[in-house]
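Heads up, the thing below is written out as structure tokens.
The values are calculated or read from the model by the stated rules, or taken from the named source; none is laboratory data. Remember, it's a predicted structure, so these values are computed and weren't measured experimentally. Please note: Cβ atoms are built from the backbone with ideal geometry, for glycine as well, and neighbour counts cover all protein chains shown.
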Amino acid sequence: MLSLRVRPALARVVDPVAAALVRAGVSPDAITVLGTLGVVTGALVLFPRGEHFVGTLVVTVFVLTDMVDGAMARRIERRSLFGAWLDSTCDRLADAAVFSGLVLWFAGEGDDRLLAGLALCCLVAGSIVSYAKARAEGLGLRCDVGFAERAERLILVLVATGFSGLGVTWALPVGLWALAVASAVTVVQRLLEVRRQAAAAVR
């Protein structure tokens, strides 16, 4: 998975930032909330106005706080149930904001109902991908299969949106179609995986 390859490289940048914030007495939960507010604001203000490149830069910067708060929690050896819940909940909110911003663009000035529907499809499919994993883990099963996990979904949609902002008009439609297909495949993969584990558990 892309996230497994990218995270070690990003950690070299994130860890010093996390250490500085811990020394300053900042809470990991505060960084989680701040990052989410930044993503939501950037996506819902800039994307609907067609400022896709600047919006992508803003969203990407704040998305990286998802690694910072985790690094902070590890540094202070804090494993908070509330912090874990807050992080996951804020992730869903941030993801929804990104795709909602694109839906608003295509439903408004972007004037493309098909792509507005496709962005909405990506939002819903991404939520199902995440929920399928969370629900499986709640039942004591594992559900890590599939390409389109959160990191992969965000990388794909932000790269496509950023290139769209640079004038590559086909990048966003292609990215959304690819993401919709990848998300649908991932949902099916997770369905089959949970079904397999559930069947094996009753033998």
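Summary of values
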item	result
Total residues in the stretch 150-188, condition farther than 19 Å from residue 95 by Cβ and either crowded, with 20+ Cβ neighbours inside 10 Å or not hydrophobic (A, V, I, L, M, F, W, C) (or both)	4
Residue satisfying all of: in the stretch 89-127; among the β-branched types (Val, Ile, Thr) and without any contact (Cβ under 8 Å) to a residue 24 or more places away in the chain; nearest to residue 54 (Cα to Cα) among these	103
Test for residue 117: is it in contact with a helix residue (DSSP H, G or I) (Cβ under 8 Å, 6 or more places away or on another chain) and either among the small types (Gly, Ala, Ser) or assigned to a helix (DSSP H, G or I) (or both)	no
Exclusive hit being touching a Gly at 6+ places or on another chain (Cβ under 9 Å) and not hydroxyl-bearing (Ser, Thr, Tyr), set 91, 87, 111	87
Helices (runs of 4 or more DSSP H) contained entirely in the stretch 1-113, each with at least 2 residues that are among the acidic types (Asp, Glu), modelled with pLDDT under 85 and under 28 Å from residue 146 (Cα atoms)	65-75
Residue check, residue 182 within 16 Å of residue 123 (Cβ to Cβ) and part of a helix (DSSP H, G or I)	yes
Among the candidates 75, 79, 153, residue that is free of Cβ contacts under 8 Å to residues at least 24 places away in the same chain and not polar (S, T, N, Q)	79
Exclusive hit being surrounded by fewer than 20 Cβ atoms within 10 Å (Cβ to Cβ), under 26 Å from residue 164 (Cα atoms) and of a type in the set (Val, Ile, Thr), set 58, 40	58
All positions within the stretch 109-129 that are surrounded by fewer than 17 Cβ atoms within 10 Å (Cβ to Cβ) and under 13 Å from residue 177 (Cβ atoms)	112, 114, 117
